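Everything on this sheet refers to the single structure shown next.
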Amino acid sequence: VRPHTDREHVALLAINRKIKAVPVVDGENHFLGVVPENSIYQILQEEHVEDFIRAAGIHHEQGSFIDVLKARTGRVLRARIPWLLIGFLGGALATFVVKFFEGSLEEKLSLAFFIPIILYMGAAVGVQSETLFLRSELLGPVDLKKYLLRELKIGPALGIIIGAITFGFAWLLFRDTRLALAIGLAMFGTIVTAVFVGVLIPTLLLK
């Protein structure tokens, strides 16, 4: 590696090549030294914490991932608030969407019973997609077009499976085929959307 090679790349190179130390050379391939085994382990540990905190939606200053775990209350609040505000905006948007269907909900109150499970499943699938994407990004640059094409298969498949289960559950609960179909389709749409949002939002934030 070169003196200015990203340290994450150095650690991954050591793992992929199954070597304990990574040689460092200059532009003319003159030997400058090595990145030793203990440094590689430290890099891996710090990168793991970085990914974990990022996946939890905690804002950070460059190079302060480890310190934030022992930081004062005020600093922790500043680290957590930004992404929670983004989440609040998403929730506010969802509230407006629900309000748009106020008439339908008043006419068929049983529709409202399924809002919590649809929201939860959407969030769960979104977090899964986000975590898998970030781990893939860590292991090397991701071809976004190719990754999205793969998700184009996974998203609808998940939507069909979970949507069908939701349809069956709603039908057993209310014995209303139209209601069950509406809930099943809503779940399908939520799952498919969540898969793509879970990839696109981290992509934008990383950029």
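Extension gain for LYS153 to LEU84 (0.36 nm times residue separation, less C-alpha to C-alpha distance): 21.8 nm. A Förster radius of 35 Å, combined with the Cβ-Cβ distance separating GLU106 from LEU204, puts the computed FRET efficiency at roughly 0.40.
Within straight-line reach of LYS153, meaning a Cα separation under 21 Å, sit the following lysines at least 8 residues removed in sequence or on another chain: LYS145. Seen against the Cα atoms of the chain and their longest principal axis, helix 144-174 is set at about 30 degrees. Taking a Cβ cut-off of under 12 Å around ALA170, the surrounding Lys, Arg, Asp and Glu residues balance to a net charge of +2, with basic ones at +1 and acidic ones at -1. Add -39500 (n - 2.57) for each DSSP H run of 4 or more in the chain, then divide by its residues: what number comes out at 222 nm, to the nearest 500 deg cm²/dmol? Value at 222 nm, helices only, nearest 500: -25000 deg cm²/dmol.
Looking at the square roots a ≥ b ≥ c of the eigenvalues of the Cα gyration tensor of segment 168-207, which shape do they give, rounded for a/c under 1.5, prolate if a/b is larger than b/c, or oblate? In terms of gyration-tensor shape, prolate. Taking 28 Å as the straight-line reach from the Cα of LYS99, the lysines in range (excluding those fewer than 8 positions away in the same chain) are LYS108. Seen against the Cα atoms of the chain and their longest principal axis, helix 73-100 is set at about 30 degrees.
Sparse packing (at most 12 other Cβ atoms within 10 Å of the Cβ) combined with a DSSP loop state is found for none of the chymotrypsin sites (Phe, Trp or Tyr not before Pro) in segment 157-207.
Of THR95, THR193, THR131, the residue with the greatest mean-square motion in the GNM of the chain, using alpha carbon springs below 10 Å, is THR95.
Which loop chymotrypsin sites (Phe, Trp or Tyr not before Pro) in segment 78-123, with loop taken from DSSP, have no more than 14 other Cβ atoms within 10 angstrom of their Cβ?
PHE101
Coordinate-derived values only; no laboratory data. Quick caveat: nothing in here was measured; it's all calculated off a predicted structure. Because the Cβ atoms are built from the backbone with ideal geometry, glycine has one as well, and the counts that use them run over all protein chains shown.
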